[in-house]
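A quick write-up on the structure given underneath.
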Amino acid sequence: MELMDWFEKGLSPKEYIEGMKVNKEAMEGVYSRFSLADEEKDRLEKLKGTGLKAIAITEDWCGDAMLNNPILLKISEEIGAEVRFILRDQNLELMDQYLTNGISRAIPIFIFIDKEGEEQAVWGPRAKRIQEIVDEERSKLPAQETDDFKEKQMSMYRRLTASYQEDSEIWHTVANSMIDALVSEK
């Protein structure tokens, strides 16, 4: 299938959010509290009215999606871009074209296409700075074989998830990373 076909197949933001069973409240919380800064809006100005569309490969259980999807929606609203959500686990044919490091089905992945359905930019699954934070946190974990590994790993996930929901600096880091991908010259 072509990218425009995937876009047409996708769920509207309303359909995706209504169907969420995990992280719905948290995602809506980020969405309701996040606003683009004036500088971010200025950087997006040249994309307004261009007919850009976004395909978001995602799943509702994903903590990174809980953080990144509402920011994608705010950016899309600012520039008048339509967004469609594709559920990764039901659409591996598309997911496998956008593997992280050529091996991982990490999500979310945002594929930005023009009016003709041509790929313009790809972003995800994390902003570079957020990946650095995650890597730093993982480096503090004990070896997987230790008795308390799972407990410490779950504690790390809870801390990260809480920061994703509350830290506006993280939100703007993500927004600027997406904007960088969108406005960079091809």
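The values are calculated or read from the model by the stated rules, or taken from the named source; none is laboratory data. Keep in mind that this is a model prediction, so the values were computed, not measured. Because the Cβ atoms are built from the backbone with ideal geometry, glycine has one as well, and the counts that use them run over all protein chains shown. Please note that ligands, DNA and RNA were not included when accessible areas were found on the heavy atoms of the full protein model with its side chains. Shrake-Rupley method; radii C 1.70, N 1.55, O 1.52, S 1.80 Å.
Sort out for me the strands (runs of 3 or more DSSP E) sitting completely within the range 69-155 that have 1 or more residues that are of a type in the set (D, E, K, R) and modelled with pLDDT under 95.
Qualifying strands (runs of 3 or more DSSP E): none found.
Considering only residues that are over 30 Å from SER35 (Cβ atoms) and crowded, with 19+ Cβ neighbours inside 10 Å, which ones fall in the range 73-94?
LEU94
Tell me, which residue of the range 95-106 that is open to solvent by 10 Å² or more (accessible area, probe 1.4 Å) and not hydroxyl-bearing (Ser, Thr, Tyr) is farthest from LEU52 (Cα to Cα)?
ILE103
Can you tell me which residue within the range 46-68, out of those that are among the basic types (Lys, Arg) and not in a loop (DSSP other than H, G, I, E, B), is most open to solvent (accessible area, probe 1.4 Å)?
Within the range 46-68, the match that is most open to solvent (accessible area, probe 1.4 Å) is LYS46.
Scanning the range 107-144 for residues that are of a type in the set (Gly, Ala, Ser) and under 19 Å from GLY10 (Cβ atoms), which turns out surrounded by the most Cβ atoms within 10 Å (Cβ to Cβ)?
It comes out as GLY124.
Taking ARG43 as the residue in question, decide whether it is of a type outside the set (A, V, I, L, M), open to solvent by 40 Å² or more (accessible area, probe 1.4 Å) and over 21 Å from SER184 (Cβ atoms).
Judged against the criteria, ARG43 is not a match.
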